Each structure stands twice: as C-alpha cells, then as structure tokens.
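Novice: Below is the structure I would like to discuss, written out as structure tokens.
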Amino acid sequence: MTDRADYVVVGLGALGSAAAMELARRGHTVVGLERFALGHSRGASHDTSRILRHSYHTPAYVRLTQQAYDDWARLERDAGTDLVTTVGGVDLFPPDAAIPPLAYTDSMSEVGIGFDLLDRADVEARWPQLRLPDGAVAIHQADAAIVPAARGTRTMQEQARHSGADLRERHPVTAVRDLGAGGLEVETPYGVVACRGLVVCADAWSNEVLGHLGVRLPLEVTLEQVTYFRPERPEDFAPGRLPLWIWMDDPSFYGFPCYGEPTVKAAQDCGGPIVDPVDRTVLPDPAMRGLLADHLRRMLPGSGVPVRSVRCQYTLTPDRDFVLAPLPENPSVVVGLGAGHGFKFAPTFGRLLADLAVDGGTCTDLSSYRLDRPGLTDPDYQAHWLV
Ligand SMILES: Cc1cc2nc3c(=O)[nH]c(=O)nc-3n(C[C@H](O)[C@H](O)[C@H](O)COP(=O)(O)OP(=O)(O)OC[C@H]3O[C@@H](n4cnc5c(N)ncnc54)[C@H](O)[C@@H]3O)c2cc1C
C-alpha cells in the first residue's frame, strides 16, 4: 500500500516529534514513523528530566539556548501546560579542571547572559549541601531549568497530532528510496509512504536509516546511566535549596534537585560503554553506579543511598556538535542529531529542521552543524566529547 505525504519523519523521540509538530503546524501533511511504541525507553528521550541551560562553551550555542527558551515557552503556551521549572544552575570547576571555565564565561558575556562567578566559600555558604575542594570556582546561572523528558516528548507528539500529523508507532523504516525529481519513498513492513521531503531523527540508529541512501556518519553510541538517590532530608535538596549542578572535570558528573519525587538524580557525562543500540542491555551497571556514588559522597554527602538506575543512549559525533543539516548530495533529506545534549533544544530542532525541509535554509547560522564539517569528514579528527 502506498501512502502520500508532504514530509515523512523517521524516529519519534524528542527531535522527530518536534519536527513532526512543526511541519504539521505549518499545514503540511506529515507521516511520522517510529520503530517502537511511542514513549518507549530504548532511545534517548525517556525518563523524568533534562537540563535546559544557557551556560555553554561557544557564543553560537549560547545564542541557540536563547531560541530554546523561547521555543519551550511557545510550546507551553500552545499546549497550555507548564514544562519549564527554573531552579538555577552551577557549573563547578575544581582546580585545574579538565573543562576550563573561561569558554563559558566568555561565551555568555559575549551574548549578554548574566551569571555570577563564585569561589568555594560562596558556594558552600549559599548551598551548604555542596562540598568543594580548595581553589574550586563556580559559575552560577539563574535561568537554568529542568524540562520533563518523557512528558515533554509526549506533549510534542500530542501537538503534532493536534495539527494533523499521522504518527505511526511500531512502524520501523526498512528501506528508503531516492526517486530524484519523483521525491522519496519510505518503506515499512506495512507499506510505502511517498513524500517530497524526509526528516531523519533516528539518533542511535541514524546510520541504519541513512545507510539506505548510501550515507554513513562517524557516530559512537554509548550506554549512559542515571541514578536516583534518596536523601534522609529531601527538603534540603528541593528546588530553591539545591540548584542543578555540573562537575566540569574528567570524569564529568551532573545532577538535579528533587523533581516530582523525594530523590536526587545524578549521572556521569559520557561514562558509558560503546554499544550497538540493537542489542544493548537495560540492566544497571554497578561499576558506573559506584563511581558516581563515590563522587557524591565527596561533593554532595547528604544525597543518600541509590534507589534506582535508568539506562539511556548518547549518540556522539567526534566533536560532540549536533547534526542539523540537509544531506549535501540530497537536500530533500535533512538530518537532526543531538549528540548527547540535544533535549533542551528539541522544540528548536523541530523548528529549524522544518525550515531546512521546507525552505532549504534558515535564518540561524547552522554552519557548525553541517554534515560536511571536518569533525564528520576528516578521518584523522581527534574525537573529544567532554565540553
Ligand atoms: C542519560 C542522558 C541524559 C541526558 N541529559 C540531557 C540534558 O540534561 N539536557 C539535554 O539537552 N540533553 C540531554 N540528553 C540528550 C538528549 O536526551 C538527546 O539528545 C535527545 O533525547 C535525542 O532525541 P532524539 O529524538 O534524537 O533521539 P531518540 O529519543 O533516541 O529518538 C530516536 C528515535 O528513532 C527511532 N528509530 C530508530 N530507527 C528507526 C527506524 N528504522 N524506523 C523508525 N524509527 C526509528 C527510535 O526508536 C527512537 O525513538 C541526555 C541523554 C541521556 C541519554
């Protein structure tokens, strides 16, 4: 059976759901294809929470965060629900930190984002739950916020359907054919969808889908783990009492105040093993949990005992920059990939991917996220994931 649509979106995690929402909002016919059930936990957009922040290492990213805050506010208005919980955030830099603070302070200063530079005494006076080594410094940014992962993604799916998108779960894409001027055909076990444009947001499975068009990206999929700890006094870790925090060293860790439950969530950034998304485990990794618990015992001693862990995938480009671009050889196919830090930009990804699919371009400078950049094309490029 062959269906027709203006656009097909492959993958309905946060990014694909946002793209389907935006294309349908603009009046285009959209078919969204998802291999698993909507809301599944095999990818990168499930679980409770994600960090939304301005503090980034380049002015381009800081500017993109300004769009992200606006796009989340627009989604809240359209959906008539609160999605952004502002709690403030601190980037914590021990002496000789592997991730230098200057890139962050310079980038935010250049864009005009306010922040406070704090020393150890300032931090521990303000947040007595935190313990830092001598000589540590911190950047506090008051707008840092928590956005809901699964609920945020579901909200974008509901908005997409509300605007007429046809979202099909358990429809794995098994083939993609480029018919040149005739457009594209996207095949699933249930039939074919003919379309004029294709948006690929398949994250860990991007190469499986793009492989049908002879494209392969230098991606690594890592199996990350977040762990929830139950403090004896959860009130001390409530929003307003504890900010979001990121430990800017190697290893790098990050964590949340309590969010919807009396636990604190924390994790290591890029601490997971490289896996194949097709047959990866869902079981907790005791060694990863132990390393994290050791760090919390030093930095957040009241955080308590681990009560559960959740696995989740990062899909990493060598330069840890996103992909937000058309295929150089076929502009009717555009690719979105969040490189392990894309959730905060999901509504913005949706808007920019729709611009690229419909207009072939956008007013935002996306040159850092092109597919023909050295980070993706230079075989000698030295991968660096800690930013
Ligand atoms: C532990 C963890 C913590 C994170 N924390 C943050 C954070 O604090 N802030 C932040 O901004 N980002 C964070 N991220 C990153 C962020 O969650 C991801 O960048 C984002 O969720 C990626 O969304 P996606 O839609 O591209 O991927 P996914 O949600 O993985 O969606 C891809 C979809 O494609 C589908 N698919 C694959 N192949 C096919 C096929 N052949 N046919 C049909 N469908 C297919 C998959 O089933 C999947 O649903 C974190 C990620 C992890 C893992």
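The values are calculated or read from the model by the stated rules, or taken from the named source; none is laboratory data. Everything quoted here is computed from the prediction, not taken from an experiment. Cβ atoms come from the backbone with ideal geometry, glycine included; neighbour counts cover every protein chain shown. We work out accessible area using only protein heavy atoms, side chains counted, and drop any ligands, DNA or RNA first. Shrake-Rupley method; radii C 1.70, N 1.55, O 1.52, S 1.80 Å.
Novice: Does region 301-312 contain at least one residue that is in contact (Cβ under 8 Å) with a residue 12 or more places away in the chain, closer than 18 Å to Val215 by Cα and open to solvent by less than 50 Å² (accessible area, probe 1.4 Å)? Even if it seems obvious, please write down each step before you answer.
Specialist: Going residue by residue through region 301-312, those that are in contact (Cβ under 8 Å) with a residue 12 or more places away in the chain are 301-312.
Retained after the next criterion (residues that are closer than 18 Å to Val215 by Cα): none.
No - not one qualifying residue is present in region 301-312.
Residue by residue, here is whether (1) under 17 Å from Ala202 (Cα atoms); (2) open to solvent by 60 Å² or more (accessible area, probe 1.4 Å); (3) part of a helix (DSSP H, G or I) holds:
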{"position": "Ala357", "(1), (2), (3)": "yes, no, yes"}
{"position": "Gly361", "(1), (2), (3)": "no, no, no"}
{"position": "Thr364", "(1), (2), (3)": "no, no, no"}
{"position": "Ser368", "(1), (2), (3)": "no, no, yes"}
{"position": "Gln382", "(1), (2), (3)": "no, yes, no"}
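Novice: What is the one condition in (1) within 15 Å of the ligand (Cβ to nearest atom); (2) farther than 17 Å from Thr29 by Cα; (3) in contact (Cβ under 8 Å) with a residue 24 or more places away in the chain; (4) of a type outside the set (A, V, I, L, M, F, W, C) that Arg168 does not satisfy?
Specialist: (2)
Novice: Oh, and also: If Leu92 meets every condition in (1) open to solvent by less than 10 Å² (accessible area, probe 1.4 Å); (2) in contact with a helix residue (DSSP H, G or I) (Cβ under 6 Å, 6 or more places away or on another chain); (3) outside any helix (DSSP H, G or I) apart from one, which number is that one?
Specialist: Single failed check for Leu92: (2).
Novice: Out of all the residues in region 65-83, which are part of a loop (DSSP other than H, G, I, E, B) and open to solvent by 40 Å² or more (accessible area, probe 1.4 Å)? Step through it out loud before you land on a result.
Specialist: Taking region 65-83 first, the residues part of a loop (DSSP other than H, G, I, E, B) are 80-83.
Hits for region 65-83 are Gly80, Thr81, Asp82.
Novice: What strands (runs of 3 or more DSSP E) lie completely within region 234-348 and have 3 or more residues being assigned by TED's automatic domain parsing to the domain that holds Ala204 and more than 15 Å from the ligand (Cβ to nearest atom)?
Specialist: Details: elements: 244-247, 252-255, 264-269, 305-316, 323-327, 330-337.
Once the strands (runs of 3 or more DSSP E) in region 234-348 are filtered for at least 3 residues that are assigned by TED's automatic domain parsing to the domain that holds Ala204 and more than 15 Å from the ligand (Cβ to nearest atom), what remains is 330-337.
Novice: So which of Leu167, Leu219 is closer than 30 Å to Arg373 by Cα and surrounded by 15 or more Cβ atoms within 10 Å (Cβ to Cβ)?
Specialist: Among Leu167, Leu219, only Leu219 is closer than 30 Å to Arg373 by Cα and surrounded by 15 or more Cβ atoms within 10 Å (Cβ to Cβ).
Novice: Listed residues Thr81, Thr105; which is among the polar types (S, T, N, Q) and not assigned by TED's automatic domain parsing to the domain that holds Gly240?
Specialist: Working: Thr105 fails: not assigned by TED's automatic domain parsing to the domain that holds Gly240.
Within the list Thr81, Thr105, the selection yields Thr81.
Novice: Okay, next question. With respect to Arg131, is the statement that it is touching a residue at least 40 places away in the same chain (Cβ under 8 Å), part of a loop (DSSP other than H, G, I, E, B), in contact with a Pro (Cβ under 7 Å, 6 or more places away or on another chain) and not aromatic (Phe, Trp, Tyr) true?
Specialist: Working: touching a residue at least 40 places away in the same chain (Cβ under 8 Å): yes; part of a loop (DSSP other than H, G, I, E, B): yes; in contact with a Pro (Cβ under 7 Å, 6 or more places away or on another chain): yes; not aromatic (Phe, Trp, Tyr): yes.
So Arg131 fits the description; yes.
Novice: Kindly list the number of the only condition in (1) farther than 22 Å from Gly214 by Cα; (2) crowded, with 21+ Cβ neighbours inside 10 Å that fails for Asp122.
Specialist: Status for Asp122: all satisfied but (2).
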